[in-house]
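What follows is a single structure, written as structure tokens, with notes after it.
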């Protein structure tokens with residue numbers, strides 16, 4: 001349960017708060033998300049080639065979501081079940097994650113976001129730096 005006040009720790013989190021409160025368009029936040037570092041939680045150590053990745057997963061009624069945090073400090077909340085983490089830029093991370101999973105940003109905190117699996121790939125396709 002997310003009961004603590006959410007105090008933004010970095011520019012990405014300030015943008016998330018603005019988007020959640022309606023002061024920023026979601027599209028603009030997602031563009032920012034792709035350019036900032038995010039933290040992906042893993043229960044096991046991840047090797048340079050990606051082997052060993054065992055993401056922290058959350059099940060909803062309709063999908064499975066991989067836990068992603070907007071700051072390394074936030075990952076501490078789940079260190080009892082996901083001791084390891086990867087930090088990479090959002091565009092790289094969203095392109096790297098297995099396509100069958102969605103993403104939950106900041107699970108357990110009062111400010112977060114769920115993105116379904118099809119949305120993760122669409123964000124990279126439509127807003128990523130490689131788009132034409």
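The values are calculated or read from the model by the stated rules, or taken from the named source; none is laboratory data. Quantities reported herein were computed from a predicted structural model and do not represent experimental measurements. All Cβ positions, even for glycine, are placed from backbone atoms using ideal geometry, and neighbour counts span all protein chains on display.
Say we look at the stretch 4-14 and pick out the residues that are free of Cβ contacts under 8 Å to residues at least 40 places away in the same chain and in a helix (DSSP H, G or I); which of these is surrounded by the fewest Cβ atoms within 10 Å (Cβ to Cβ)?
Across the stretch 4-14, the extreme among qualifying residues is 11.
I'd like the full set of residues that are farther than 17 Å from residue 63 by Cα and modelled with pLDDT of 90 or more, limited to the stretch 113-132. I'd like the intermediate steps shown before the answer.
Step one: filter the stretch 113-132 for residues farther than 17 Å from residue 63 by Cα, giving 123-132.
123, the sole residue that qualifies.
Any chance you could count how many residues in the stretch 67-86 are surrounded by fewer than 15 Cβ atoms within 10 Å (Cβ to Cβ), free of Cβ contacts under 8 Å to residues at least 60 places away in the same chain and not in a loop (DSSP other than H, G, I, E, B)?
Summing the residues that are surrounded by fewer than 15 Cβ atoms within 10 Å (Cβ to Cβ), free of Cβ contacts under 8 Å to residues at least 60 places away in the same chain and not in a loop (DSSP other than H, G, I, E, B) in the stretch 67-86 gives 2.
Hey, does the stretch 32-49 have a residue that's assigned to a strand (DSSP E or B) and more than 12 Å from the chain's Cα centre (by Cα)?
Residues of the stretch 32-49 assigned to a strand (DSSP E or B): 37-42.
Retained after the next criterion (residues that are more than 12 Å from the chain's Cα centre (by Cα)): 42.
Yes, the stretch 32-49 has at least one match.
Just for the stretch 100-132: of the residues that are in a loop (DSSP other than H, G, I, E, B) and more than 14 Å from the chain's Cα centre (by Cα), which one is nearest to residue 47 (Cα to Cα)? Even if it seems obvious, please write down each step before you answer.
Of the stretch 100-132, the ones in a loop (DSSP other than H, G, I, E, B) are 100-101, 106-112, 116, 128-132.
Keeping just the survivors that are more than 14 Å from the chain's Cα centre (by Cα) gives 100, 110, 128-132.
Numbers: 100: 21, 110: 32, 128: 25, 129: 26, 130: 26, 131: 29, 132: 32 Å.
If we take residues in the stretch 100-132 being in a loop (DSSP other than H, G, I, E, B) and more than 14 Å from the chain's Cα centre (by Cα), then 100 is nearest to residue 47 (Cα to Cα).
Kindly indicate the residue of the stretch 51-63 that is touching a residue at least 24 places away in the same chain (Cβ under 8 Å) and surrounded by 13 or more Cβ atoms within 10 Å (Cβ to Cβ) and also nearest to residue 117 (Cα to Cα) among those meeting that condition.
63
Restricting attention to the stretch 16-31, which residues are touching a helix residue (DSSP H, G or I) at 6+ places or on another chain (Cβ under 8 Å) and in a helix (DSSP H, G or I)?
Across the stretch 16-31, the qualifying residues are 16, 18, 19, 26, 27, 28, 29, 30, 31.
Among the residues of the stretch 91-101, write down those that are out of contact with any strand residue (DSSP E or B) (no Cβ under 9 Å at 6 or more places or on another chain) and in contact (Cβ under 8 Å) with a residue 24 or more places away in the chain.
Restricting attention to the stretch 91-101, the residues satisfying the condition of being out of contact with any strand residue (DSSP E or B) (no Cβ under 9 Å at 6 or more places or on another chain) are 91-92, 95, 99.
91, 95 - these are the residues of the stretch 91-101 that are out of contact with any strand residue (DSSP E or B) (no Cβ under 9 Å at 6 or more places or on another chain) and in contact (Cβ under 8 Å) with a residue 24 or more places away in the chain.
Quick grid of which residues meet (1) at pLDDT below 95; (2) under 17 Å from residue 112 (Cα atoms); (3) buried (at least 18 other Cβ atoms within 10 Å of the Cβ):
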| residue | (1), (2), (3) |
| --- | --- |
| 16 | no, yes, yes |
| 41 | yes, yes, yes |
| 49 | yes, no, no |
| 65 | no, yes, yes |
| 88 | yes, no, no |
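Please go through the stretch 102-132 and pick out each residue that is buried (at least 17 other Cβ atoms within 10 Å of the Cβ) and touching a strand residue (DSSP E or B) at 6+ places or on another chain (Cβ under 8 Å).
Scanning the stretch 102-132 gives 102, 103, 104, 105, 106, 107, 112, 113, 115, 117, 120, 123.
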